[in-house]
Amino acid sequence: MTPARPVPPRSAVVVGGGPAGLMAAEVLAAAGVTVDLYDAMPSVARKFLLAGKGGMNITHAEPPDDFLARYGERRSELQPLLADFGAAELRAWIHALGIDTFVGTSGRVFPVDMKAAPLLRAWLHRLRAAGVRFHPRCRWLGWHADGRLRFAGADGETAVAADATVLALGGGSWARLGSDGAWVPLLRARGVDVAPLRPANCGFDVAGWSEHFAGRFAGQPVKSVAALLPDGSRRAGEFVVTAGGIEGGLVYALSAMLREAIARDGRATLTLDLMPDWSEARLLAGIGAARGARSLASHLQSRIGLKGVKAGLLREVLDKAAFADPATLAATIKRLPLVLVAPRPLDEAISSAGGVRFTALDARLMLRAVPGVFCAGEMLDWEAPTGGYLLTACFATGRAAGLGALDWLARAPLTAGGA
């Protein structure tokens with residue numbers, strides 16, 4: 001994106017205090033724009049903080065083409081934004097806040113203390129020093145007929161005029177942290193094309209665990225497995241058994257493909273290699289060895305290391321006779337079919353797919369139907385796996401929306417954005 005023109009004294013409103021909204025506010029304030037940031041929650045960046053509790057994975061260090069491939073069908077739309085502010089630029093920006101980062105063995109990038117709170121504190125201090133004014137507990141309700149923004153706060157409803165508006169309201173997951181998708185009908189009422197919000201990076205329900213399996217193994221991880229994909233490739237990882245299905249890193253990485261298959265066919269089959277380091281021939285030799293007086297379970301544990309939740313998964317798909325047949329058992333260990341019937345509800349998902357379609361936006365991320373109003377972050381129609389890709393694109397789109405708003409302010413007459 002080309003640098004924005006110099007901006008005469010103007011005001012901007014940013015709605016939403018996640019990474020995208022905060023980044024847009026920073027860009028605007030740095031150019032001398034008076035910025036007011038409104039958020040429905042008592043404090044900003046709650047989802048950001050919660051996501052960092054297990055270790056703040058901020059971005060990912062890998063070749064640009066591999067990085068861009070993580071955005072699937074939205075690669076082309078996000079490429080110019082990530083070219084301006086991608087993983088390297090995000091790390092440099094974090095370092096400028098006084099926070100060091102490191103690259104883990106998997107390529108994931110973390111702050112050295114693995115926490116989100118110090119980064120957020122330093123960022124908010126810089127934003128306040130730049131003049132950004134924060135308004136918590138103010139829920140956006142849309143627009144008045146004259147273009148002013150409507151907010152509901154503790155003291156009732158207020159109307160706010162701005163020369164430009166950046167909406168960074170999040171998707172539809174984790175409503176308790178502010179991302180509830182309540183903005184969708186407000187934008188559709190203004191003629192904005194919004195794709196339905198759907199769960200992403202989510203778990204799935206299976207066709208049905210037995211009561212015994214669910215009671216014994218719910219919550220247990222299934223490690224060192226590989227998913228066999230329709231194109232013939234494999235993806236290694238692990239997942240967790242839930243009371244009614246599966247979730248976890250490997251499942252999240254495949255969630256878009258699985259979700260679309262269920263939408264198309266009513267179900268999806270996830271084929272797993274439970275022992276990717278063993279060939280089928282080696283498994284068959286171990287299973288078929290004489291076991292003497294040992295039980296089948298003891299024999300399998302001794303000869304091939306099969307036990308626990310993996311053995312339980314096999315018993316869920318094989319009857320007693322098939323489980324006792326060495327050839328069938330070996331083949332199923334290498335190609336275990338799990339039938340998935342539904343993604344978990346949107347509010348349980350880590351993120352959401354769907355949102356404002358890129359065709360409803362110009363190159364500056366301004367709504368074509370509502371001039372002077374820009375959109376950023378997870379409320380746009382894109383999705384990505386966990387691993388730092390979600391956050392990187394939120395930062396990049398927030399920055400792009402801020403720059404777009406600056407360009408608009410430099411060119412547009414003094415009117416309230418959204419009129």
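Scanning the stretch 159-182 for residues that are outside any strand (DSSP E or B), in contact with a strand residue (DSSP E or B) (Cβ under 7 Å, 6 or more places away or on another chain) and either of a type in the set (A, V, I, L, M, F, W, C) or at positive phi (or both) yields A162, A168, L169, G181. Taking residues in the stretch 317-328 that are outside any loop (DSSP other than H, G, I, E, B), and partners anywhere that are among the β-branched types (V, I, T), the pairs with Cβ atoms closer than 7 Å and at least 6 places apart or on different chains are V317/T332; A322/T328; P326/I287.
Among the residues of the stretch 158-206, just one is among the basic types (K, R) and buried (at least 20 other Cβ atoms within 10 Å of the Cβ), namely R198.
Scanning the stretch 258-284 for residues that are surrounded by 15 or more Cβ atoms within 10 Å (Cβ to Cβ) and either without any contact (Cβ under 8 Å) to a residue 24 or more places away in the chain or more than 28 Å from D325 (Cβ to Cβ) (or both) yields L258, R259, A261, I262. I'd like to check something: does the stretch 102-118 contain any residue that is in the same structural domain as A161 (by TED's automatic domain parsing), part of a helix (DSSP H, G or I) and surrounded by 13 or more Cβ atoms within 10 Å (Cβ to Cβ)? Yes, there is a match, as at least one residue in the stretch 102-118 is in the same structural domain as A161 (by TED's automatic domain parsing), part of a helix (DSSP H, G or I) and surrounded by 13 or more Cβ atoms within 10 Å (Cβ to Cβ).
Restricting to the stretch 310-330, and then to whatever is of a type in the set (A, V, I, L, M) and more than 18 Å from A207 (Cβ to Cβ), can you tell me which residue is surrounded by the fewest Cβ atoms within 10 Å (Cβ to Cβ)? Top of the filtered list is A321.
One line per residue, one yes/no per condition, for (1) at pLDDT 95 or above; (2) assigned by TED's automatic domain parsing to the domain that holds A363; (3) not hydrophobic (A, V, I, L, M, F, W, C):
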| position | (1), (2), (3) |
| --- | --- |
| K47 | no, yes, yes |
| A51 | no, yes, no |
| M56 | no, yes, no |
| Y71 | yes, yes, yes |
| S76 | yes, yes, yes |
| Q79 | yes, yes, yes |
| L82 | yes, yes, no |
| G86 | yes, yes, yes |
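Inside the stretch 125-152, residues that are touching a helix residue (DSSP H, G or I) at 6+ places or on another chain (Cβ under 8 Å) and over 19 Å from W183 (Cα atoms) make up a count of 6.
The values are calculated or read from the model by the stated rules, or taken from the named source; none is laboratory data. Not measured: the values here are computed from a predicted model. FYI the Cβ positions are ideal-geometry reconstructions off the backbone, even for glycines, and counts take in every protein chain you see.
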